[in-house]
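K.L.:
What follows is a structure written as structure tokens; I'll ask about it next.
Read-outs throughout are calculated quantities, based only on the coordinates presented, and are distinct from any laboratory measurement. Computed from a prediction, not measured in an experiment: that's the story for all the values here. Using ideal geometry, Cβ is built from the backbone for each residue, glycine included, and neighbour counts are taken over all protein chains shown.
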Amino acid sequence: MFLLLISVNEIYAQKQTELADSAIFYSQINAIQNLNDSIPFNENSAIKSLAESINKLTDPRKKIYSFRLIAKIFAEKGYKNLSAEAFKKALSNTKPGVDSELRAEIKLEKARALFDFVSKDEIIIILNEALKEYPKYGGKTESSIYMYRGRAWYETGNYKNAMADYLKSELYFENNKIADNEYGHLLHFIGSIFKRQNDNQQALKYYSRIIDLGKLIHDRQLEAEGLYLCADIYYQLGDSAKDLDMSMRSLEIFSELQNYPMEGMMLMNIAHHYLAGHNFKKAKEYLDKSVEVNKLHNYNKNLATIYRYYGKYYSKTGNYKLAQEYLAKSFEEAEKSNTNRLLLLSDLYRTQASIHYDNNNFKAAFESLEDYQYYYDSLVNEENSNAIHDLEARYQNDKKEKEITLLNKDKALGNLKLNSARQKNIFLIVALIMVVSFFLFFFSRYRLINQQKIIIQKKAEELEKQKSIVVDQKNEILESIEYAKRIQATILPPPRVVKKYLEDSFILYLPKDIVAGDFYWMESPVIDNGLVLFAACDCTGHGVPGALVSVVCSNALNRTVKEFNVIQPALILDKVAELIVKDFSKDENENVQDGMDISLCALNIETGEMQWSGANNPIWILRDNNLIEIKGDKQPVGKYDTMHPFTNHKVPIQKGDTLYLFSDGYADQFGGQNNKKLTKAKFKELLLEIQNLNMLNQRNYLYEFHNKYKGSNEQVDDILIMGVKI
């Protein structure tokens, strides 16, 4: 329930002479209460009467202003449906093509009012319509449209489009030398994109400008906003002293201004600071204060993050049951969120991995890290990172030279050549350090507890000794497997190398265990610069044995191309088979038949010519809704009873063809309603269904379908699929 009160002076203070025409309207506004947002205007007697009173006003400007005013009030009270309907009525009193500027302003106002209540895709549609109304006016309204559309793009994870819109908005402020609160928010939004791309120095530059701007225009709230943003960057950079100092200064200002949502958020941020410093008592104190402030003022936007921090707190203090309960609450809040859902889920899976590791659940921790990597990659990918930095560089050049137009900058967005492999390398290094740190902490604590039990429980001494031996052996095995994983990672071509030669491609690589028998291989021979060799390989076995075989087979491929200068696919397989047999037959008393199945391409990226050879595995070519299959020889690369030379195929390819190389793991997976094998026939149908998607979306679709089809079943084999668009 609420009483909607609007005074006469708030509506038409500038025109006292028109009050007589609006007497009924004012009295009805003051009397409205018990609104139900699910009941439309024409079915709610009080609202219907109000709308009829507004329609009786003789001046169309009054009608538009009145509907806009009540639309904003409805939105402030949380009545999104009534607000949207009021904006619709305001627009109905304008003339398309005549009142274009006014219609654009109303649609911008609608997007602002409904921003936190509807999906961001809907906000983008509203603002796109506003821009269509606004092709020739320019100015502050157009700048605001770009800024709010940029916010919507940002919260859907499309940082490239967000940066493009933000820079269009910033151009207006810079050209007109405007320094106000809205410009401060724009600097916040631009800095946040660089932060999400892990460019902390660039983010810090924009956030620091917010503090300076707040001081310049005497806006303490804007200054506090810049302080907390800079504090977060100093946390990322490891400067805990500056982090805490700026956070405390920001909290003090927000408390003085009685900005309770931001006060609650700062308490939450300071709690996270103490969590990172292992000051768990202080962390709990500030978390509790944050919850108290948010609940007191009915502000639930930060609940997902607060619950996640509670999960970290209880994990670090040894209460894994409570940690999981709070993490489950955090997942529920994140799934309901219309704001930054991908970012929330990314942070949640990273925290979940940490909690699983604290609880000695290594498999679950590894799976959570994979989920974190998936959502992280959805937010931070090569295309986004390159596009954002290219946009920033072009914008700065535009400000200095004043010769590059906005249209030229828009066209230049596709000119992206920078490398973002650094982010992934940093993630892998940080993840490795985190895993080792967790392991060392867990092991030292376990040893301490074990010693105490030996002292207290003398009768169980022998049992504890045996338990300690088992744990040590387990840890040694895990260490060996992790080391094998690092070794195997060195034989895989880095993503930047794959993208260099096969620009429009994807690789879906899902080891059954921590290490795999499947691997993908790529080489560009020195003797032919235009040629790129790439292959999908399936070695005997999986897990550690398969991984060891994969290292031998990868080495044989490299030697064949680099040492023996063989570049024809069939001859490569013949020579690799010879080397593998030689390596595995050094002990004449052993009859080892290890080797691999393979699909090997030699593509001349300059002429478009391709040769191919395969061992047990085929190559599939999708062309014009048809799937062409070329089968490999029915023998492995390795020791075999009746070996014969491999067949070399010259494959005619066309622009638009899609090549697929794969192992048998995807098609052999059991699952579905009848718990049956997927089969290659169904695999072919899937590829035909998704051939119109881009390569990244194909990879994501195949990954999601596999997980859904597998269900609760165990993955039966390593999975490797390479897709290459010609």
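K.L.:
What list of ³J(HN,Hα) couplings, whole Hz, do you get for the range 327-333 from phi and the Karplus terms 6.51, -1.76, 1.60, once you set θ to phi - 60° and write x for glycine and proline?
P.N.:
3J(HN,Hα) across the range 327-333, in whole Hz: 5, 4, 4, 5, 4, 4, 5.
K.L.:
Can you divide the C-alpha Rg of the range 491-725 by 2.2 N^0.38 Å and report the result to two decimal places?
P.N.:
0.99
K.L.:
In sequence order, what are the phi-derived ³J(HN,Hα) couplings for the range 250-256 according to the Karplus relation 6.51 cos²θ - 1.76 cosθ + 1.60 with θ = phi - 60°, rounded to whole Hz, with x for glycine and proline?
P.N.:
5, 4, 4, 5, 4, 5, 4
K.L.:
What residues have an amide H closer than 5 Å to that of ARG623, excluding those fewer than 5 places away on the same chain, when H is modeled at 1.01 Å from N in the peptide plane?
P.N.:
Here ILE628 satisfy the definition.
K.L.:
Something else now. Listed here are the pairs LYS282/LYS321; LYS107/LYS177; LYS312/LYS465; LYS205/LYS242; LYS77/LYS140; LYS316/LYS708; which of them are more than 24 Å apart at the Cα?
P.N.:
From the list (LYS282/LYS321; LYS107/LYS177; LYS312/LYS465; LYS205/LYS242; LYS77/LYS140; LYS316/LYS708), the Cα-Cα distance tops 24 Å for LYS107/LYS177; LYS312/LYS465; LYS77/LYS140; LYS316/LYS708.
K.L.:
Check which residues have an amide H placed less than 5 Å from GLY595's amide H, if you skip close sequence neighbours.
P.N.:
Residues meeting the criterion, in which the H sits 1.01 Å from N, are THR540.
K.L.:
A further question on this structure: Bins of 5 Å, beginning at zero and ending with the bin holding the largest distance: percent of Cα pairs per bin for the range 97-162, please.
P.N.:
Whole-percent P(r) values from 0 Å outward: 4, 21, 31, 23, 14, 6, 1, 0.
K.L.:
Would you please give the residues with an amide H less than 5 Å from that of TYR666, counting only those at least 5 places away or on a separate chain, with H modeled from the backbone geometry?
P.N.:
Distant-sequence amide H within range of TYR666: LEU720.
K.L.:
Note down the net charge around LYS95, summing +1 for each Lys or Arg and -1 for each Asp or Glu among other residues with Cβ under 14 Å from its Cβ.
P.N.:
Neighbour charge sum, excluding LYS95 itself: 0.
K.L.:
Enumerate the calculated ³J(HN,Hα) couplings along the range 490-506 in order (Karplus 6.51 cos²θ - 1.76 cosθ + 1.60, θ = phi - 60°), each rounded to whole Hz, writing x wherever the residue is Gly or Pro.
P.N.:
Values, residue by residue: 6, 8, 8, x, x, x, 5, 6, 4, 5, 5, 9, 10, 4, 9, 8, 8 Hz.
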